[in-house]
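Shown next, in structure tokens, is the structure this report addresses.
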Amino acid sequence: MNTNKDEVLIVREYDAPRELVFKVWTDPAHLRNWYAPEGCEIEISHFDFKKGGKFLHCIYNKALHDCWCTGIFREIVAPEKIVYDMTVSDKHGNPAKPVDMGMDPDWPATTTVTVLFESIGDKTRITLHQAVSQNLAKRTGAYLGWLSMLDKLEHEVAKMALIP
């Protein structure tokens, strides 16, 4: 994983075992509950979780624009690591220019996201890295979007930890 200081890097800890946090990150039934910032909704049109598998989803945001993304899973090491590319797309999964989709003209068409899951006793540390300028991510709201989603992930993980 590249550690360029001008790229998004977020570290969070969750009070749950790594296998559970990994499952909540990789199961569409759980993703629907947390993989969109607060106030937004997500539609998962396609999700083939395997190396080389593809996905298509849309984050609906009433205040801004809908954000369709397609992508491919580049690396999966369960329950330790996920690497995937996210490409701005139309609702059919065709790659699109970010500016044509209402996004900041500086936003790249494709970014790579790497998520590491580390056991810390009974807890899990997630290290999320997105290969895009952290300053740009903060300016566009993408950084705050990740923070919001990771807060929602914490609630989903806590809910699942209570189920025997």
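Of note:
- Residue pairs meeting the criteria (Cβ under 8 Å; at least 6 apart or on separate chains; first at positive phi, in the range 130-159; second surrounded by fewer than 17 Cβ atoms within 10 Å (Cβ to Cβ)): Gly141/Leu64
- If you go through the range 41-79 and keep only what is surrounded by 14 or more Cβ atoms within 10 Å (Cβ to Cβ) and acidic (Asp, Glu), you end up with Glu43, Asp66.
For every residue, the table says whether it meets (1) open to solvent by 50 Å² or more (accessible area, probe 1.4 Å); (2) among the acidic types (Asp, Glu); (3) more than 24 Å from Ser45 (Cα to Cα).
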site: Asn94; (1), (2), (3): yes, no, no
site: Val99; (1), (2), (3): yes, no, no
site: Thr110; (1), (2), (3): yes, no, no
site: Val132; (1), (2), (3): no, no, yes
site: Gly141; (1), (2), (3): no, no, no
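- Per the listing Ala36, Ala16, the residue uniquely part of a loop (DSSP other than H, G, I, E, B), more than 22 Å from Leu144 (Cα to Cα) and open to solvent by less than 30 Å² (accessible area, probe 1.4 Å) is Ala16.
The values are calculated or read from the model by the stated rules, or taken from the named source; none is laboratory data. For clarity, every value in this text was computed on a predicted model and none was experimentally measured. Here Cβ is always computed from backbone atoms with ideal geometry, including for glycine, and neighbour counts include all displayed protein chains. Calculation scope for accessible area: heavy atoms of the full protein, side chains included, ligands and nucleic acids excluded. Shrake-Rupley method; radii C 1.70, N 1.55, O 1.52, S 1.80 Å.
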